[in-house]
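The values are calculated or read from the model by the stated rules, or taken from the named source; none is laboratory data. Quick caveat, the model's predicted, so the values are computed rather than measured. Here the Cβ positions follow ideal geometry from the backbone for every residue, glycine too, while neighbour counts run over all protein chains shown. Just the protein is used for accessible areas: all its heavy atoms, side chains included, with ligands, DNA and RNA removed. Shrake-Rupley method; radii C 1.70, N 1.55, O 1.52, S 1.80 Å.
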Amino acid sequence: MADARRGWWLGLLLVVTVWGAPGRSQKWLEDLDDPEYRRDGSEYSVDIRMPDVSPEKHDTYLCYKVPLDQKEPSYIVGFEPKVEDHAAHHILLYGCEVPGSADKDLWNCGEMSGSTIHPTCQQGAQILYAWAMDAPELKLPKDVGFKIGGNTDVKYLVLQVHYNDVTKFKGGATDESGVGLRVTDTPQKYMAGVYLLGVGAGAIPAHSTANLDTACLYRDEPVLHPFAFRVHAHKLGAVVSGYRVRQDKWTLIGKKSPQRPQMFYPVSDKTLTIKNGDILAARCSYKSDLDHTVRIGATGSDEMCNFYIMYYTTSRRPLEQNMCFRAGFHWEGALQNIPEEADYP
């Protein structure tokens, strides 16, 4: 079965490689019961890379789509960044029901919000993986995987790469940055997912410290078990923190400086769950010594505020809402018992 399934990846001209030596990996993502990882012959590796692109403008976002097998599902159980000469500012891997471009495999997908003519996904966007700032490979816990293809809503994988500085391409250089996937056809006991908290608009005044907040009520029925988190901000970011709020009690999911490698880190409390009626909240704290205001935006000179929650669940259906973006929102005007340490590393 596995040999037959490998064929459709090869048919897409993707490079099937041997998973490398562990090296600097995130082995702390341990098994739900004990720290053992799958290393059997039922897994194989697939590289999804940009097809020798040469972006011409700074802060270009390019997307590349890969159709998936609609007959049988596969399960992603690991990710390895494939970044060439620091060409990429950040990389996102999406699962899409309908990709942003119907007639092109490669397109300019503008900013993350999808406000351009050709967004990353036209329908059914799910973030599967994110990379920035020299983050290492990521291995999921035992029995946990992202289900793709088959009868799922993930009909395509779409690789999005942000090229902040394109100076290196002026002389004709090209880039094949992307993500290596560890894949198995063996059904996994738990389904993995990513919930993204973000700020859609905001500003950091000159010579100031400032906070930008977001929060949403979790309304879905599946119980989520967070096992990792990731933060993202640009040069002014000091710390990004995420919380679950239940009956006005705040429980830390994770907190990290975005100036450290922007990898997925282990959650603070492995017994933490997210249930219907909980509030998910995130805060980005900034410190600016600049002489001008910096706003939330898509370029390297703008700022961002993102908090990713990677979770597993026993549910086989995708969440109705897997993103929470707010603008002009402040915790102090909506929430009680805000922890004082949220602003500090």
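Considered as a group, the residues in the stretch 284-310 that are among the charged types (D, E, K, R) and in contact with a Leu (Cβ under 7 Å, 6 or more places away or on another chain) include one that is most open to solvent (accessible area, probe 1.4 Å), and that residue is Lys287.
For Cys121, the test of being touching a His at 6+ places or on another chain (Cβ under 9 Å), on the phi < 0 side of the Ramachandran plot and open to solvent by less than 60 Å² (accessible area, probe 1.4 Å) is failed. For the stretch 126-134, the count of residues that are modelled with pLDDT under 90, assigned to a loop (DSSP other than H, G, I, E, B) and closer than 30 Å to Tyr243 by Cβ is nonzero.
Looking across Ala88, Ala102, one residue alone is modelled with pLDDT of 85 or more, assigned to a loop (DSSP other than H, G, I, E, B) and either open to solvent by 40 Å² or more (accessible area, probe 1.4 Å) or not β-branched (Val, Ile, Thr) (or both). It is Ala102. Going by what's in this entry, would Val154 be described as in a loop (DSSP other than H, G, I, E, B), farther than 30 Å from Gly328 by Cβ and open to solvent by less than 10 Å² (accessible area, probe 1.4 Å)? When the stated conditions are applied, Val154 passes them.
Let's see how each residue does on (1) assigned to a strand (DSSP E or B); (2) closer than 24 Å to Ala201 by Cα:
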position: Trp250; (1), (2): yes, no
position: Ser315; (1), (2): no, no
position: Phe329; (1), (2): no, yes
position: Glu332; (1), (2): no, yes
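May I ask you to list the residues in the stretch 284-301 that are of a type outside the set (Phe, Trp, Tyr) and modelled with pLDDT of 90 or more?
Keep residues of the stretch 284-301 that are of a type outside the set (Phe, Trp, Tyr), which gives 284-285, 287-301.
Answer for the stretch 284-301, where residues must be of a type outside the set (Phe, Trp, Tyr) and modelled with pLDDT of 90 or more: Cys284, Ser285, Lys287, Ser288, Asp289, Leu290, Asp291, His292, Thr293, Val294, Arg295, Ile296.
If you check Ile338, Ile274, which single one turns out to be among the aliphatic types (A, V, I, L, M) and surrounded by fewer than 21 Cβ atoms within 10 Å (Cβ to Cβ)? Lay out the reasoning, then the answer.
On the way: Ile274 fails: surrounded by fewer than 21 Cβ atoms within 10 Å (Cβ to Cβ).
Checking each option against the conditions leaves just Ile338.
Does any residue in the stretch 188-204 that is within 13 Å of Leu224 (Cα to Cα) come within less than 6 Å, Cβ to Cβ, of a residue that is part of a loop (DSSP other than H, G, I, E, B) and open to solvent by 10 Å² or more (accessible area, probe 1.4 Å) six or more places away or on a different chain, and which pairs are these? Pairs found: Tyr190/Asp143; Tyr195/Asn322. Report, by residue number, each residue of the stretch 157-171 that is open to solvent by 10 Å² or more (accessible area, probe 1.4 Å) and part of a loop (DSSP other than H, G, I, E, B). Listed by number, the residues that qualify are Asn164, Asp165, Lys170, Gly171.
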